[in-house]
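This report concerns only the one structure given below.
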Amino acid sequence: MRVTATAILAALLPLSHAFAQENGESLSANMINNEEREVGTVALNETASGMAHIVVEMTDLPPGPHGFHVHEMGSCNVGDGFASAGGHYAGDREHGVLSEGGPHPGDLPNVHVGQDGVLRVEFFTDRVSVSEDGENPLQDDDGSAVVVHADPDDYSSQPSGEAGDRIACGVIE
């Protein structure tokens, strides 16, 4: 019996949503690649402490490190290489944790994809808000998107860490 990556992700997705149902508001993004194929999900859950718990489960990505950011627009148009997602969710900050005026609220750690093309990672941030009334809400008037870049973020170059092309995108809903 052959099990597809989509079937595996479908089986794992309820686990991340179970966390959200117990602890507050939740949002998610269905990720697509630049061939318009679904490649996974990003779940964003509000914790009791007010931090955002981010759970990423993706497949069919190029192995190695990749920049991973929240972008300022809730749009993922394949035809424009996901430029429709706009720049990083920046607030009034500079890009990068290594910049004196940084980081952007949407700057997240690089993610590392295994040789099998699978990415599974979870982390927390207090720089964006899952709830609409928090600081830097993901669900503002123009929405937000999650973007995976072709290259790793150098955590300092302006305006986006030299992370390269956008290879996957998902509108946060």
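Throughout, read-outs are computed from the coordinates displayed, never taken from laboratory work. Please read these numbers as outputs of a predicted model, since none were measured by experiment. Every residue, glycine as well, gets a Cβ built from its backbone with ideal geometry; the counts of neighbours run over all protein chains shown.
Structural remarks
- Charged-residue dipole, Cβ positions (Lys, Arg, Asp, Glu), the chain about Cα centre, Debye nearest 20: 640 debye
- Rounded if a/c under 1.5, otherwise prolate or oblate - region 22-108, Cα gyration tensor axes: oblate
- GNM result for the chain, Cα springs below 10 Å: residue of Val130, Val39, Val121 fluctuating most strongly: Val121
- Contact order normalised by residue count of region 5-171, Cα under 8 Å, 6+ apart, percent: 26 percent
- Sorting 148-154, 49-55, 101-107 by their mean Cβ neighbour count within 10 Å, with the most densely packed peptide first, gives 101-107, 148-154, 49-55.
- In Hz, Karplus ³J(HN,Hα) per residue of region 107-122 (6.51, -1.76, 1.60; θ = phi - 60°; x = Gly, Pro): 6, 10, x, 4, 10, 10, 8, x, 4, 7, x, 9, 10, 9, 7, 9
- Volume per residue that the Cα convex hull of the chain spans, once the total is divided by residue count, Å³: 101 Å³
- Alpha carbon centroid spacing (whole Å) that separates region 143-158 from region 26-41: 16 Å
- Under 5 Å between amide hydrogens, built in the peptide plane, is the criterion, and for His71 it picks out Tyr89, Ala145, Val146, Val147 among residues at least 5 positions away or on other chains.
- Among the GluC sites (Glu not before Pro) within region 29-125, those in coil by DSSP and having at most 11 neighbouring Cβ atoms inside 10 Å are Glu35, Glu36, Glu100.
- Here the gap between Gln158 and Arg120, fully extended at 0.36 nm per residue and compared with their Cα-Cα distance, gives a gain of 10.9 nm.
- Using the rule -39500 (n - 2.57) for each DSSP H run of four or more residues, divided by the residues of the chain, the 222 nm mean residue ellipticity is -4000 deg cm²/dmol.
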